[in-house]
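Only one structure is covered here, and it is reproduced in the block below.
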Amino acid sequence: MKLTLPVAALVAVVTTLAPLAAVAQNYPVKPLRILVPWPPGGANDVVARIVAQRMTEQLGQQVIVENRGGASGTIGSDLVAKGAADGYTIMVHSATHVANPHLYKKLPYDTLRDFIGVTPLAVQVGMLVVHPSLPVKSVKEFVALGKAKPDQVVYGSSGSGSFVHLAMALLNSMSNTKMVHVPFKGGGPATIALASGEIQAMTATIGSLIPHIESKRVSQFPNVPAISEGVPGYEFVAWIGAFVAAGTPRPIVDRLNAEFRKALEHPDTARILGAQTLDPLPMSPEQFAKLLKTDYDKYERLIKLSGAKID
């Protein structure tokens, strides 16, 4: 049986969709804000500022980066979740976003339902670094020291449940070592603490370390061995992505996705991100939604395995 819609119904559908199309066509009509729920200086901040500069040129509207750090990104995330769903506030956050619900007993928002993932922006790779005062020159020596002196090696992170925290927690779990975790309010403060000797070690994102290290085994650092060469089977990478509040009109989400993709595919952006050992990772919103659910489950398993928790 052939199903037909009355003319009035068709007109209603068309007139309902028309305003959304017009909104997307005119968007943006004012400056955009990228909210980074971490302090300045970390990988999330670096990526946000690189992309914001390119998008300002593309859109003809200023794209402003604002840092709202604290509580492993949950404070800034709550602001976005409860903000206007109009596409003018964009959150740039790491995979810590899907780790937090497994670390906090209760969050003021639902990680999967209260946000729309626009696209991942870059892949994060970590590097194990130590303060010069620590008498180790390799991963094997680092593990041996950790076993010889349980609870005496102090490592830092950008916050409980962050990529930096879980990367080291996984290393401790796989190497059967016990070290003391000190969380900071972002990668920038943690890196400064490492450089000053306040902490002794950190598995940090490479981009945040470049200003503080002399020799950089990723392609930019061919003489530095992979952690898995000292701890067989070790592998841990993460991402940084762009999000908007749930309820943001789909045409605006698609426009943002297209603009982020254009920004990431620009040769200058790829070159600058590459210098920070961050590889662009554009996806469709549907692909990103699948990745978010997969990583949500992965981080739940990892957190249980590593014993990571909010201190």
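The values are calculated or read from the model by the stated rules, or taken from the named source; none is laboratory data. In this text the structure is predicted, and so the values were computed from the model without any measurement. Cβ coordinates were reconstructed from backbone atoms using ideal geometry, including for glycine residues, and neighbour counts include every protein chain displayed. Side chains are part of the model used for accessible areas, which takes the heavy atoms of the whole protein and leaves out ligands, DNA and RNA. Shrake-Rupley method; radii C 1.70, N 1.55, O 1.52, S 1.80 Å.
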remark   = Among 160, 146, 104, the residue whose Cα sits farthest towards the positive end of the charge dipole of the stretch 103-161, when +1 is placed on the Cβ of each Lys and Arg and -1 on the Cβ of each Asp and Glu, is 146
inquiry  = Give me a comma-separated list of calculated 3J(HN,Hα) values for the stretch 126-133, in order, Karplus coefficients 6.51, -1.76, 1.60 applied at θ = phi - 60°, integers in Hz, x for any Gly or Pro.
reply    = x, 9, 7, 10, 10, 6, x, 6
message = Can you list residues from other chains, or at least 5 along the same chain, whose modelled amide H is less than 5 Å from the amide H of residue 42?
response = 187, 188
task = Compute the Cα gyration tensor for the stretch 247-311, then decide on rounded, prolate or oblate, letting a ≥ b ≥ c be the square roots of its eigenvalues: rounded whenever a/c is under 1.5, prolate when a/b is larger than b/c in the other cases, and oblate in all that remain.
result = oblate
task = Kindly write out, for the stretch 230-236 in residue order, the coupling ³J(HN,Hα) from the Karplus curve 6.51 cos²θ - 1.76 cosθ + 1.60 (θ = phi - 60°), rounded to whole Hz, with x marking Gly and Pro.
result = x, 10, x, x, 6, 7, 7
inquiry  = Need one number: % antiparallel among DSSP beta bridges in the chain, to the nearest 5.
reply    = 60 percent
request  = Output ³J(HN,Hα) for the stretch 81-95: one whole-Hz value per residue in order, computed from phi by the Karplus curve 6.51 cos²θ - 1.76 cosθ + 1.60 with θ = phi - 60°, and x for Gly and Pro.
outcome  = 4, 9, x, 5, 8, 10, x, 8, 10, 10, 9, 10, 9, 8, 5
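Just to confirm, what accessible area per residue do you get for the stretch 68-184 at 1.4 Å probe, in whole Å²?
Working: 4470 Å² over 117 residues.
Per-residue value: 38 Å².
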Under 5 Å, built H, 5+ apart or other chain: amide partners of residue 119 = 242
message = Can you give the log10 of the normalised intensity I(q)/I(0) at q = 0.15 Å⁻¹, computed with Debye over equal Cα scatterers of the stretch 30-156?
response = -0.80
query = What shape does the chain have by the C-alpha gyration tensor, where a ≥ b ≥ c are the square roots of the eigenvalues, rounded means a/c under 1.5, and otherwise prolate means a/b greater than b/c and oblate the rest?
reply = prolate
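Rounding to the nearest 20 debye, state how big the charge dipole of the chain is about its Cα centre with +1 on each Lys and Arg Cβ and -1 on each Asp and Glu Cβ.
Details: 29 positive and 23 negative charges, 79 e Å.
For this selection, approximately 380 debye.
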request  = Note down the nm distance, to one decimal, between modelled labels 7 Å out along Cα→Cβ at residue 270 and at residue 195.
outcome  = 3.1 nm
remark   = Under 5 Å from the placed amide H of residue 124, counting only residues 5+ away or on other chains, we find 238, 239, 240
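Carbon and sulfur atoms: what percent of the 1.4 Å accessible area of the chain do they account for? Could the numbers behind the result be given before it?
Details: 8330 of 14610 Å².
Using a 1.4 Å probe with all protein chains present, the chain comes out at 57 percent carbon and sulfur.
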Residue order for 265, 141, 235 - accessible surface, 1.4 angstrom probe, largest first = 235, 265, 141
query = Okay, helix-only estimate at 222 nm for the chain: each DSSP H run of n ≥ 4 adds -39500 (n - 2.57), divide by all residues, round to 500 deg cm²/dmol; what do you get?
reply = -13500 deg cm²/dmol
